[in-house]
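These notes concern the structure reproduced below.
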Amino acid sequence: MSEAHILLVDDEEDLRVSTAQALELHDLKVETFSAAEDLLAHVNPGFAGVVISDIRMAGMDGMTLLQRVREIDHDIPVILITGHGDVQLAVKAMREGAYDFIEKPFAMPVLATTIGRALDRRELVLENRRLRAAAGKRDDIEARLPGRTAVMVELRHRLRAIGASDADTLIIGDTGVGKEVVARALHDVSSRASRPFIAINCAALPETLIESELFGHEAGAFPGALRARYGKFEHGRGGTILLDEIGSMPIDLQAKFLRVLQERTITRLGSNEAVPLDVRFIATSKVDLEEAVANGAFRADLFYRLNVATLRVPALAQRRQDIPLLFFQLVREAWGRYGREPVDIPPEVVTEISEREWPGNVRELRNAADRFVLGLPMHEAIPDGVGERAGTRLADKVGSYERQLIANAIAAHGGSLRPVYEQLGISRKTLYEKMQKYGLGKRLANGEIADD
């Protein structure tokens with residue numbers, strides 16, 4: 001269990017400070033807040049402590065805080081501090097789920113004893129949850145990562161072992177192999193499964209705002225920062241943060257991220273206060289980070305810090321025997337997604353997908369499955385004028401393949417562009433530029449992509 005501690009909120013500073021100091025003399029770790037709204041950001045289903053709140057406060061009062069905490073996790077103990085005239089209100093709060101209430105003025109040993117009992121109860125609740133999750137637990141990893149080849153069996157075995165360890169993990173694989181699927185599976189088999197999973201595409205973050213996006217900022221930290229804002233790291237507290245394509249992270253930011261990994265704290269822009277960070281980091285890369293280290297594009301210390309637990313996701317070329325099985329599963333998913341009635345898959349289609357090369361890996365195979373279900377050609381021919389001289393120059397072959405991949409994705413998503421650029425891992429601007437380059441419109445016309 002993570003270190004137990006107390007979250008104490010009271011808008012009276014003298015009482016807040018004196019109570020915290022007294023509790024620390026009883027060997028209790030205390031974090032104090034002047035407003036209930038600030039406290040809520042520190043509460044999650046894995047919180048291993050107790051909330052103590054005054055009932056009458058400016059802004060959000062103790063009764064509202066009780067309700068909000070119970071919405072997050074109804075088993076988190078909330079102890080209310082009441083004035084003499086609030087006892088009836090406190091009794092009502094007990095009926096609504098408060099753990100206990102303490103009437104002012106209170107003896108500190110009484111409060112400390114109540115906290116001790118509440119901490120014991122919270123520890124028992126969390127332990128029971130872990131035991132229920134572990135006892136006879138079945139997971140769906142094989143359904144998410146199907147395959148009977150040795151490389152896939154080994155991947156699933158390592159994923160389960162690493163997932164249970166809660167270790168920071170590096171996932172390596174070519175474009176389209178399913179690195180994010182593996183990352184989500186790692187999160188879901190871990191003890192953090194009920195907490196946030198925050199995916200961050202390092203290649204898509206604007207360089208001018210990247211620190212603010214990750215670490216957050218205080219009001220006035222830079223022009224336009226009108227109010228304080230949590231960064232993505234803070235939003236993921238208690239859960240898992242995926243840093244997709246970490247090799248794209250600027251070198252100066254890599255040094256700051258290394259400190260986050262080592263110290264498990266962050267500092268918002270415009271602040272000097274370190275904020276504790278309880279997260280698991282997963283990073284993915286399609287490039288050889290060892291080579292990037294040798295070229296000076298990636299920090300060696302960060303690479304070795306991430307490389308403790310590594311998962312390598314094989315390309316389809318490394319598991320060709322799995323292609324028919326995977327295609328059948330992708331077709332079944334597409335039937336459900338598009339509301340189509342299942343049909344038999346002709347033997348010639350199975351032969352075609354088995355013999356064809358899939359440089360785009362699972363992503364390209366999924367596009368082919370979608371097009372099969374939609375009744376479109378699985379491998380759309382390149383229109384005249386776009387693929388001239390294809391087969392004679394490498395650049396033309398690459399361009400033809402890229403156009404086909406984009407056209408397939410647009411068709412699969414019915415002309416909706418946001419899921420297209422998210423699926424392909426590119427920015428919206430890049431997708432628009434490539435659509436213009438290849439003469440692609442976003443609407444379907446007679447089952448084909450309409451040119452602009």
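Looking at Leu205 and the list (1) more than 25 Å from Leu326 (Cα to Cα); (2) at pLDDT 90 or above, which single condition is not satisfied?
Only one criterion in (1) more than 25 Å from Leu326 (Cα to Cα); (2) at pLDDT 90 or above is unmet by Leu205, namely (2).
Among the residues of region 270-289, which ones are farther than 29 Å from Pro45 by Cβ and either out of contact with any Leu (no Cβ under 8 Å at 6 or more places or on another chain) or aliphatic (A, V, I, L, M) (or both)?
Going through region 270-289, the residues farther than 29 Å from Pro45 by Cβ turn out to be 270, 272, 285-289.
Of everything in region 270-289, those that are farther than 29 Å from Pro45 by Cβ and either out of contact with any Leu (no Cβ under 8 Å at 6 or more places or on another chain) or aliphatic (A, V, I, L, M) (or both) turn out to be Gly270, Asn272, Lys286, Val287, Asp288, Leu289.
For Val287, only one of the following conditions fails: (1) modelled with pLDDT under 90; (2) assigned to a helix (DSSP H, G or I); (3) over 22 Å from Gly147 (Cα atoms). What is its number?
The number of the failed condition is (2).
For residues that are of a type in the set (Lys, Arg) and under 27 Å from the mean Cα position of the chain (by Cα), scanning just region 322-346, find the one that is surrounded by the fewest Cβ atoms within 10 Å (Cβ to Cβ). Outline the logic, then answer.
First pass over region 322-346, keeping only residues of a type in the set (Lys, Arg): 332, 337, 340.
From what's left, under 27 Å from the mean Cα position of the chain (by Cα): 332, 337.
On the way: Arg332: 13, Arg337: 11.
Applying the filter and picking the extreme gives Arg337.
From the list Ala255, Ala225, which residue is assigned to a helix (DSSP H, G or I) and among the small types (Gly, Ala, Ser)?
Ala255
Ile266 is checked against (1) part of a loop (DSSP other than H, G, I, E, B); (2) over 26 Å from Thr175 (Cα atoms) and fails just one. What number does that condition carry?
(1) is the only condition that Ile266 fails.
Residues are listed down the side, and each one gets a yes or a no for (1) outside the structural domain of Gly178 (by TED's automatic domain parsing); (2) at pLDDT 75 or above; (3) out of contact with any helix residue (DSSP H, G or I) (no Cβ under 8 Å at 6 or more places or on another chain):
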| site | (1), (2), (3) |
| --- | --- |
| Asp370 | yes, yes, no |
| Leu374 | yes, yes, no |
| Ile382 | yes, no, no |
| Val386 | yes, no, no |
| Ala390 | yes, no, no |
| Asp396 | yes, no, yes |
| Glu402 | yes, yes, no |
| Val420 | yes, yes, no |
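Just a yes or no: is a residue in region 290-308 within 18 Å of the chain's Cα centre (by Cα) and either surrounded by 15 or more Cβ atoms within 10 Å (Cβ to Cβ) or not assigned by TED's automatic domain parsing to the domain that holds His235 (or both)? Even if it seems obvious, please write down each step before you answer.
If we filter region 290-308 for residues that are within 18 Å of the chain's Cα centre (by Cα), which is where we start, we get 306.
Remaining after also requiring either surrounded by 15 or more Cβ atoms within 10 Å (Cβ to Cβ) or not assigned by TED's automatic domain parsing to the domain that holds His235 (or both): 306.
The answer is yes; a qualifying residue exists.
Against the definition (touching a Leu at 6+ places or on another chain (Cβ under 6 Å), among the β-branched types (Val, Ile, Thr) and assigned by TED's automatic domain parsing to the domain that holds Lys256), how does Ile171 come out, yes or no?
Taking the combined requirement at face value, the residue satisfies it.
When the residues of region 35-70 are filtered to those that are of a type in the set (D, E, K, R) and surrounded by fewer than 18 Cβ atoms within 10 Å (Cβ to Cβ), which remaining residue is nearest to Thr19 (Cα to Cα)?
Arg56
Pull up region 150-174, narrow it to residues that are outside any strand (DSSP E or B), in contact (Cβ under 8 Å) with a residue 40 or more places away in the chain and touching a helix residue (DSSP H, G or I) at 6+ places or on another chain (Cβ under 7 Å), then point me to the one that is nearest to Phe197 (Cα to Cα).
So the residue we want is Asp168.
Would you mind stating whether Ile251 is at pLDDT 85 or above, surrounded by fewer than 15 Cβ atoms within 10 Å (Cβ to Cβ), at negative phi and not acidic (Asp, Glu)?
Yes.
Among the residues of region 397-418, which ones are in a helix (DSSP H, G or I), over 17 Å from Leu330 (Cα atoms) and not hydrophobic (A, V, I, L, M, F, W, C)?
Lys397, Gly399, Ser400, Tyr401, Glu402, Arg403, Gln404, Arg418
Within region 229-248, is even one residue aliphatic (A, V, I, L, M) and loosely packed, with under 15 Cβ neighbours inside 10 Å? Can you show your working first?
Quick first cut of region 229-248, residues aliphatic (A, V, I, L, M) only: 241-243, 246.
Restricting the remaining residues to those that are loosely packed, with under 15 Cβ neighbours inside 10 Å gives none.
Checked against the condition, which is being aliphatic (A, V, I, L, M) and loosely packed, with under 15 Cβ neighbours inside 10 Å, region 229-248 yields no hits at all.
Could you please find all residues in region 290-321 being under 17 Å from Thr169 (Cα atoms) and either out of contact with any Leu (no Cβ under 8 Å at 6 or more places or on another chain) or in a loop (DSSP other than H, G, I, E, B) (or both)? Steps first, answer last, please.
We begin by selecting, within region 290-321, every residue under 17 Å from Thr169 (Cα atoms); these are 290, 298-314.
Answer for region 290-321, where residues must be under 17 Å from Thr169 (Cα atoms) and either out of contact with any Leu (no Cβ under 8 Å at 6 or more places or on another chain) or in a loop (DSSP other than H, G, I, E, B) (or both): Glu290, Phe298, Arg299, Ala300, Tyr304, Asn307, Val308, Val313, Pro314.
Keeping to region 208-228, report how many residues are under 23 Å from the mean Cα position of the chain (by Cα) and surrounded by fewer than 14 Cβ atoms within 10 Å (Cβ to Cβ).
Residues that pass the stated criteria total 2.
The values are calculated or read from the model by the stated rules, or taken from the named source; none is laboratory data. On a predicted model such as this, the values are computed, not experimentally measured, just so you know. Please note: Cβ atoms are built from the backbone with ideal geometry, for glycine as well, and neighbour counts cover all protein chains shown.
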